[in-house]
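The values are calculated or read from the model by the stated rules, or taken from the named source; none is laboratory data. Quantities reported herein were computed from a predicted structural model and do not represent experimental measurements. Positions of Cβ are generated from backbone atoms using ideal geometry, with glycine treated the same way; all protein chains shown enter the neighbour counts.
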Amino acid sequence: MQESFPRYLFRNALAGAAIGVLVVAAILVFDVGGVGTLLFGGDDTIVGLVLLVWFFGLTFASVAMGSAVMALGHRPKGDRPDRGSRAPAGLIPAFAVARPRRHGP
């Protein structure tokens, strides 16, 4: 049974957001660029922390969703196409017939 598309997107967004939270934690633990010192030394620590986590999570979730959508048409390694099929996985060739243009009056 195949997974529904919204569930697929949600799962990837959740994974991306989790990675974003881990990146924020690493930035704060290692005090990259003095961000941790600046954040915890001010008066609005909670607001700054919420904004940092929210936007990192949003960015990483968007990247994870985008990369998941872009990978939809690719086959896993070792998966062979049907014999005689030259189209990549998930793509169906389409043909169109066009009339030739008339040249001049």
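Scanning region 13-49 for residues that are surrounded by 11 or more Cβ atoms within 10 Å (Cβ to Cβ), within 30 Å of MET70 (Cα to Cα) and aliphatic (A, V, I, L, M) yields ALA13, LEU14, ALA15, ALA17, ALA18, ILE19, VAL21, LEU22, VAL23, VAL24, ALA25, ILE27. In the set VAL50, VAL63, VAL21, VAL69, only one residue is at pLDDT below 95, β-branched (Val, Ile, Thr) and either assigned to a helix (DSSP H, G or I) or touching a His at 6+ places or on another chain (Cβ under 8 Å) (or both); that residue is VAL69.
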